[in-house]
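Structure, as structure tokens:
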Amino acid sequence: ACFHHLSHTPAFRTNIGLASGSGFPVVVRIVLYGDDGGPAGTMNYTLRPYEHVQFTRIHEHLQAAEAERGWAVVEALTAEGMVYCYAMVIDNLSGDPVYLEPEILRKSAGGAGESSVDTLASTAFRYDYYIPGAARTSGVNGTNWRTDLDLLNVGEAESRVELALLKA
């Protein structure tokens, strides 16, 4: 899974949560990327059967540099392992979290001599992402809720994007 728009600044922090849907241990790798697109921190974690864990302040946990629009890739390394994941960007002033759903990375079957797992530079990735709620409204205590959309092409090839607004 991939998460975009992760922040680690004096104003914001990021948490990443994992939950195992498997009855056996599953090794998971989390890779953080900075604003420049380069790796900023990596960790492997072994989830016990059906364990849930949340890494609060993940950038600090991995000693990663500040990022305003970083991103992360979460991958189950254990064959047949099922892992659910999520991220939250939290406003350090108000404590308000913004929940981020994972974007599922598609894997393609490799041919002879090819890996079955695509790399981020591959053009074989397809993201199907739905923003479940968008806002442009005022909130309590003078807050303003605005939905921003940032698009990041992590590959070297040109990408095609289709956007659709589905009004309530």
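Among strands (runs of 3 or more DSSP E) entirely within the range 1-66, having at least 3 residues that are modelled with pLDDT of 90 or more and out of contact with any Lys or Arg (no Cβ under 7 Å at 6 or more places or on another chain) singles out 12-20, 26-33, 39-47, 52-55. Where strands (runs of 3 or more DSSP E) sit wholly within the range 68-168, none has at least 3 residues that are modelled with pLDDT of 80 or more and loosely packed, with under 14 Cβ neighbours inside 10 Å. Here is the figure for the range 11-30: residues that are open to solvent by 20 Å² or more (accessible area, probe 1.4 Å) and either among the acidic types (Asp, Glu) or closer than 19 Å to Gly70 by Cα (or both) total 4.
The values are calculated or read from the model by the stated rules, or taken from the named source; none is laboratory data. These numbers come from a predicted model, not from an experiment. Note that each Cβ is placed from the backbone with ideal geometry, even for glycine, and that neighbours are counted across all protein chains shown. Areas reflect the complete protein model, heavy atoms only, side chains present, ligands, DNA and RNA absent. Shrake-Rupley method; radii C 1.70, N 1.55, O 1.52, S 1.80 Å.
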